[in-house]
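Colleague: Quick one: the structure is below, and I'll ask about it shortly.
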Amino acid sequence: MVYSKRLDGRGFDELRPIEAKAGVIKNAEGSAYFRMGKTIAYAAVYGPREMFPKFKQDPKKGVIRCNYNMMPFSGAGERVRPGPSRRSKEISFVTDKALIPTVDLEDFPNAVVDVYIELPQTDAGSRCCGINAAAIALADAGIPMRDIVASVAVGQADNQILVDLTYEEEHLPEYTECESKDVADIPVAIIPSTGQISLLQMDGIIEKDALMKALHKAKEVISKISEVQKNALKEKYAAESIENNE
Amino acid sequence: MSILVKDKEVVVPGEALADDLGFIPGYGTYRFNNKLLASRLGLVNIEGKVIKTIPLAGKYLPKRNDVVIGRVIDILISGWRCDINSPYTAVLSSKETPEFIEKNDDLSRYFDLDDYVVAKITNVTSQNLIDLTVRDQGLRKLRGGRIISVNTHKVPRIIGKKGSMVTMIKQATNCRIIVGQNGWIYVDGEPQNENIAVLAINKIASESHLSGLTERIKEFLEKETGVKINLEDKGDYNGLQ
């Protein structure tokens, strides 16, 4: 039996409910909240500031340093061990690489922009959610950047191409009867104005045609995420004016 | 036909501002194919054919001849290292003081750790090494009063046209106020008046992107101090006093 209706009742090209807010952490230079369904990410940007340890300074341009962290009580019920793990280090690294093509830190030699991404609750797609939050937070911090990166996961389960997979869908054969045991989960980050891909990872097995189809789907839905991100930043300033007019 | 945004509208990075090659990209914008896009969060400013964005957020980037307020964070062999609320620290050389300092003199006699100084930036290198001086009128160590911090991009509104805004606050509250370009502001006066001045400054900072600011601040100050303000009385403003 082919996966004909999604477990949470969404359409196959439909995103989970998304929500974003800019400027949620007062102490940070810039910050953001981003929610995709049950996955929640907070990002805080500090800097540009002096880089320590000193040997990591780059005299040509500023450096961006991401830190992805799942909170102990996030995840599917099992306690997540705090501190850096192999997984979280890798995700910090790819987040960094996903954001670098857009930011322009030529004016900040020897400096670092720290991006802290914290996830209080996760249900698949946490790196995408983290990237979305981090991109808003960087813009909110007034960092010069070409565009706001948007990210979403696409994939295939039971021969059906899906957008924005949940945890259950990533492990679909454990939850429903499937014809095919192959599941693919592909997080993608896209620079909306150019359509360039700045993050592309894959977990699982997928055929070439299906992969290309899935990537096209990602490009289609990315504008919706981008819209939410841009509105979050604009709403911050609109909200400020309403507050002050009263 | 080709400008896609309104003047003074909030724009975000990557947002298209115009789709015509007839416009010139200014600060905070860039050209991509035949579009003009924003590269910073800010307000759009359209001046003839030039489109630029005025940033709303971000850290202070040092500029030559800016008057800033700095905090001494280290004493070097022949000078002081100062935090100027920017990604980079600045150095005030002992040769840049009004009085002559002997070679082996104890530098903490002049400026000690955690002292605040008003200083002027004399030089900024490509690697953002910053030199300061206190050898000019009004530049000195700050005693008493308090230092408050605001976003550096709000400073022009706090100073106002030819210093009109800050002069108004000074008149109303009888405080000494020094506004550093880096967003640090020194306020010194009677404790109650100091409070009013700080409230007024914070009000300007949070409402700076809305029109009718001067009127609102005037009303606020008149209400708080109970004294009528005469807006006409403006002197020349040099960033200090």
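The values are calculated or read from the model by the stated rules, or taken from the named source; none is laboratory data. The shown structure was predicted, so the numbers you read here are calculated from the model rather than taken from an experiment. All Cβ positions, even for glycine, are placed from backbone atoms using ideal geometry, and neighbour counts span all protein chains on display.
Colleague: Being part of a strand (DSSP E or B) and away from every other protein chain (no Cβ under 12 Å) is the requirement here; does B:ILE75 meet it? Steps first, please.
Modeller: Working: part of a strand (DSSP E or B): yes; away from every other protein chain (no Cβ under 12 Å): yes.
Spelling it out, B:ILE75 is indeed part of a strand (DSSP E or B) and away from every other protein chain (no Cβ under 12 Å).
Colleague: Looking at A:GLU227, A:GLU174 in this structure, which one is within 14 Å of chain B (Cβ to nearest Cβ), without any contact (Cβ under 8 Å) to a residue 24 or more places away in the chain, surrounded by fewer than 16 Cβ atoms within 10 Å (Cβ to Cβ) and part of a helix (DSSP H, G or I)? First the steps, then the outcome.
Modeller: Details: A:GLU174 fails: within 14 Å of chain B (Cβ to nearest Cβ).
Testing whether each residue is within 14 Å of chain B (Cβ to nearest Cβ), without any contact (Cβ under 8 Å) to a residue 24 or more places away in the chain, surrounded by fewer than 16 Cβ atoms within 10 Å (Cβ to Cβ) and part of a helix (DSSP H, G or I) leaves just A:GLU227.
Colleague: Suppose we filter A:ARG87, A:ARG127 for residues that are touching a Phe, Trp or Tyr at 6+ places or on another chain (Cβ under 8 Å) and within 30 Å of A:HIS171 (Cβ to Cβ); which single one remains? Even if it seems obvious, please write down each step before you answer.
Modeller: Details: A:ARG87 fails: touching a Phe, Trp or Tyr at 6+ places or on another chain (Cβ under 8 Å).
Result of the check over A:ARG87, A:ARG127: A:ARG127.
Colleague: For A:GLY195, only one of the following conditions fails: (1) at pLDDT below 95; (2) over 22 Å from B:LEU36 (Cα atoms). What is its number?
Modeller: (2)
Colleague: Kindly indicate the residue of the range A:97-139 that is touching a helix residue (DSSP H, G or I) at 6+ places or on another chain (Cβ under 7 Å) and in a strand (DSSP E or B) and also nearest to the other protein chains (Cβ to nearest Cβ) among those meeting that condition.
Modeller: Among those that are touching a helix residue (DSSP H, G or I) at 6+ places or on another chain (Cβ under 7 Å) and in a strand (DSSP E or B), it is A:VAL103.
Colleague: Say we look at the range A:103-121 and pick out the residues that are β-branched (Val, Ile, Thr) and under 13 Å from the mean Cα position of the chain (by Cα); which of these is farthest from A:LYS61 (Cα to Cα)?
Modeller: Of all residues in the range A:103-121, those β-branched (Val, Ile, Thr) come to A:103, A:112-113, A:115, A:117.
Then drop every residue that is not under 13 Å from the mean Cα position of the chain (by Cα), which leaves A:115, A:117.
Numbers: A:VAL115: 17, A:ILE117: 23 Å.
Checked the range A:103-121; the qualifying residue farthest from A:LYS61 (Cα to Cα) is A:ILE117.
Colleague: Now for a separate question. With A:PHE34, A:PHE52 as the choices, which residue is in contact with a Lys or Arg (Cβ under 9 Å, 6 or more places away or on another chain) and not polar (S, T, N, Q)?
Modeller: Values: A:PHE52 fails: in contact with a Lys or Arg (Cβ under 9 Å, 6 or more places away or on another chain).
On inspection, the qualifying residue turns out to be A:PHE34.
Colleague: Hey, can you tell me all the residues within the range A:185-217 that are in a strand (DSSP E or B), of a type outside the set (A, V, I, L, M) and under 21 Å from A:THR166 (Cα atoms)? Show your work before the answer.
Modeller: Initially, the range A:185-217 is screened for residues in a strand (DSSP E or B), giving A:185-191, A:196-200, A:203-204.
Okay, now just the ones that are also of a type outside the set (A, V, I, L, M), so A:185, A:187, A:196, A:198, A:203-204.
Result: A:ASP185, A:PRO187, A:ASP203, A:GLY204.
Colleague: Has the range A:149-160 got at least one residue that is within 14 Å of chain B (Cβ to nearest Cβ) and assigned to a loop (DSSP other than H, G, I, E, B)?
Modeller: Yes, that holds for at least one residue.
Colleague: Right, another one. Restricting attention to the range A:127-141, does a residue exist that is without any contact (Cβ under 8 Å) to a residue 60 or more places away in the chain and either on the phi < 0 side of the Ramachandran plot or surrounded by fewer than 20 Cβ atoms within 10 Å (Cβ to Cβ) (or both)?
Modeller: Step one: filter the range A:127-141 for residues without any contact (Cβ under 8 Å) to a residue 60 or more places away in the chain, giving none.
No - not one qualifying residue is present in the range A:127-141.
Colleague: Report whether or not A:ILE143 is within 14 Å of another protein chain (Cβ to nearest Cβ) and either out of contact with any helix residue (DSSP H, G or I) (no Cβ under 9 Å at 6 or more places or on another chain) or of a type outside the set (Gly, Ala, Ser) (or both).
Modeller: yes
Conditions (1) modelled with pLDDT under 95; (2) touching an Asp or Glu at 6+ places or on another chain (Cβ under 7 Å), marked per residue:
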site: A:PHE12; (1), (2): yes, no
site: A:ILE18; (1), (2): no, no
site: A:LYS21; (1), (2): no, no
site: A:SER31; (1), (2): no, yes
site: A:PHE34; (1), (2): no, no
site: A:THR39; (1), (2): no, yes
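Colleague: If you scan the range B:98-152, which residues turn out to be surrounded by 14 or more Cβ atoms within 10 Å (Cβ to Cβ), of a type in the set (S, T, N, Q) and not in a strand (DSSP E or B)?
Modeller: B:ASN128, B:ASN151, B:THR152
Colleague: Can you tell me how many residues within the range B:49-72 are within 14 Å of another protein chain (Cβ to nearest Cβ), surrounded by fewer than 22 Cβ atoms within 10 Å (Cβ to Cβ) and outside any loop (DSSP other than H, G, I, E, B)?
Modeller: 3
Colleague: Follow-up. List every residue pair whose Cβ atoms lie under 7 Å apart, where the two residues are 6 or more positions apart in sequence or sit on different chains, the first residue falls within the range B:84-105 and is touching a residue at least 40 places away in the same chain (Cβ under 8 Å) and closer than 17 Å to A:GLY47 by Cα, and the second residue, located anywhere, is polar (S, T, N, Q) and in a loop (DSSP other than H, G, I, E, B).
Modeller: Listed pairs, sorted by first residue: B:ILE84/B:ASN182; B:ASN85/B:ASN182; B:SER86/B:ASN182; B:TYR88/B:ASN128.
Colleague: Another one. For B:LYS95, state whether it is within 14 Å of chain A (Cβ to nearest Cβ), surrounded by fewer than 21 Cβ atoms within 10 Å (Cβ to Cβ) and either within 15 Å of the chain's Cα centre (by Cα) or over 24 Å from B:ARG146 (Cα atoms) (or both).
Modeller: On the way: within 14 Å of chain A (Cβ to nearest Cβ): no; surrounded by fewer than 21 Cβ atoms within 10 Å (Cβ to Cβ): yes; either within 15 Å of the chain's Cα centre (by Cα) or over 24 Å from B:ARG146 (Cα atoms) (or both): yes.
In short, no.
Colleague: Separate question: Specify which of the listed residues (B:LEU142, B:LEU129, B:LEU213, B:LEU199) is more than 13 Å from the chain's Cα centre (by Cα) and within 15 Å of B:ASN85 (Cβ to Cβ). Give the derivation first.
Modeller: Details: B:LEU129 fails: within 15 Å of B:ASN85 (Cβ to Cβ); B:LEU213 fails: within 15 Å of B:ASN85 (Cβ to Cβ); B:LEU199 fails: within 15 Å of B:ASN85 (Cβ to Cβ).
So the residue among B:LEU142, B:LEU129, B:LEU213, B:LEU199 that is more than 13 Å from the chain's Cα centre (by Cα) and within 15 Å of B:ASN85 (Cβ to Cβ) is B:LEU142.
Colleague: Tell me which strands (runs of 3 or more DSSP E) are completely within the range B:1-47 and hold 2 or more residues being touching a residue at least 12 places away in the same chain (Cβ under 8 Å) and not assigned by TED's automatic domain parsing to the domain that holds B:LYS154, or say none if there are none. Show your work before the answer.
Modeller: Values: elements: B:16-18, B:29-32, B:35-38, B:42-47.
Here the list reads B:16-18, B:35-38, B:42-47.
Colleague: Conditions: (1) part of a strand (DSSP E or B); (2) within 14 Å of chain B (Cβ to nearest Cβ). A:TYR237 meets all but one. Number of the miss?
Modeller: (1)
Colleague: Which condition does A:GLY75 not pass, out of (1) more than 14 Å from chain B (Cβ to nearest Cβ); (2) on the phi > 0 side of the Ramachandran plot; (3) crowded, with 18+ Cβ neighbours inside 10 Å, if it passes all the others?
Modeller: Single failed check for A:GLY75: (3).
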